[in-house]
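The values are calculated or read from the model by the stated rules, or taken from the named source; none is laboratory data. These numbers were taken from a predicted model, which means no experiment stands behind them. Note that each Cβ is placed from the backbone with ideal geometry, even for glycine, and that neighbours are counted across all protein chains shown.
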Amino acid sequence: MGRITVVTSGKGGTGKSTVTSGLCTALARQGKKVLIMDCDTGMRGVDLLLGINSELVFDISDVVNGNCNILNAIYPCKSISGLYVLASPLNEQNKISPSVFSQIVRALSKFYDYIFIDCPAGIGAGFKTSISGADSAVVVANAEPLSLRCGSKVRELLNNSNINNIRLVINRFSKSAFKKLKVFSDLDDVIDEVGIRLLGIVPEDFKAVSLAQRGLPISGKIPAAKAFDNIALRYIKDYPCN
Ligand SMILES: Nc1ncnc2c1ncn2[C@@H]1O[C@H](COP(=O)(O)OP(=O)(O)OP(=O)(O)O)[C@@H](O)[C@H]1O
Ligand SMILES: [Mg+2]
């Protein structure tokens, strides 16, 4: 059984989809077989970030509604060997219930080293579905009070659902902006505020965004790619494949 990790934040726009794509790309580059399940029904984005949007025909609702076999709905990323995507529906009416979603995720976990679920913003129905099959979580937060408060709230909700393997990714970090903000004295303060063990820090990196917005893998000698490589190695160490 592969590990099933939900990438969540409570607050919108912290970088969940970017971190999911970057981390999963880095894990695949380490030779792992990785599936991303986009759970942001109506607002999916991972397909765009990984450049497979024009290839998608089916999504998870087609599997649930019997329009296709699950194998037809899982898309391999041509540019990244070992990385696969199961898209969420573009139509927000096609919501999947937590019980159905968790059954699908758990059945698929036999075939992958890692499954990552890209959670929508908020703590409503989409959040509940996203966490339903997960045994671990990555909380993505920015180093600012509101984002950290939301991260802390999400930690409580995850704990209430018996998800206790939780790691923090601080995304869009800029040393100069952090100093200018004058809210926290150092990064230890930030980690204490959210109360989650740190997995890694991804810097603010426009080059990475430019790659992702063109559907190209975040790779090469840019700061965010290096951060994702380090985070992937730490993840494998913390959670080795069976
Ligand atoms: N490390 C980074 N450096 C610079 N910009 C970033 C970084 N990570 C994400 N962004 C930008 O932040 C914005 C939000 O990112 P993203 O869509 O990944 O967030 P999200 O948490 O998935 O959002 P949502 O809650 O809407 O699903 C995007 O414009 C993205 O390009
Ligand atoms: Mg997103």
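Assorted remarks:
- Meets criteria (modelled with pLDDT under 95, over 18 Å from Gly22 (Cα atoms) and surrounded by 15 or more Cβ atoms within 10 Å (Cβ to Cβ)) for Asn165: no
- Those residues of the range 104-130 which are under 30 Å from Phe184 (Cα atoms) and either within 15 Å of the chain's Cα centre (by Cα) or part of a helix (DSSP H, G or I) (or both), in sequence order: Asp118, Cys119, Pro120, Ala121, Gly122, Phe127
- Residue match in the range 177-191 (condition: assigned to a strand (DSSP E or B) and either under 14 Å from the mean Cα position of the chain (by Cα) or surrounded by 15 or more Cβ atoms within 10 Å (Cβ to Cβ) (or both)): no
- Considering the range 8-38, and only residues there that are of a type in the set (Gly, Ala, Ser), in contact with a strand residue (DSSP E or B) (Cβ under 6 Å, 6 or more places away or on another chain) and not in a loop (DSSP other than H, G, I, E, B), the residue that is farthest from ligand 1 (Cβ to nearest atom) turns out to be Ala28.
- Residue check for Glu92: over 19 Å from Ser219 (Cβ atoms) and more than 16 Å from ligand 1 (Cβ to nearest atom): no
- Thr41 satisfies every condition listed in (1) in contact with a Gly (Cβ under 9 Å, 6 or more places away or on another chain); (2) at pLDDT below 95; (3) near ligand 1 (Cβ under 10 Å from one of its atoms) except (3).
- Taken over the range 196-210, the residue count meeting the criterion of being in contact (Cβ under 8 Å) with a residue 40 or more places away in the chain and either within 9 Å of Ala227 (Cβ to Cβ) or assigned to a helix (DSSP H, G or I) (or both) is 3.
- Of all residue pairs spaced 6 or more apart or on separate chains, those with beta-carbon atoms under 8 Å, a first member in the range 29-54 that is within 22 Å of Ile231 (Cα to Cα) and a second member that is of a type in the set (Val, Ile, Thr) and within 10 Å of ligand 1 (Cβ to nearest atom) are Ile36/Thr20; Ile36/Val46; Asp38/Val46; Val46/Thr20; Leu49/Thr18.
- Yes/no for Ser61 being under 22 Å from Ala134 (Cα atoms), of a type outside the set (D, E, K, R) and more than 17 Å from the chain's Cα centre (by Cα): yes
- As a summary of the residue check, Arg3 satisfies the conditions (1) in contact with a Cys (Cβ under 8 Å, 6 or more places away or on another chain); (2) within 16 Å of ligand 2 (Cβ to nearest atom); (3) not polar (S, T, N, Q) except for the one numbered (2).
- Residues satisfying the stated conditions in the range 211-228, i.e. free of Cβ contacts under 8 Å to residues at least 40 places away in the same chain, more than 9 Å from ligand 1 (Cβ to nearest atom) and either in a helix (DSSP H, G or I) or surrounded by 14 or more Cβ atoms within 10 Å (Cβ to Cβ) (or both): Leu211, Ile222, Lys226
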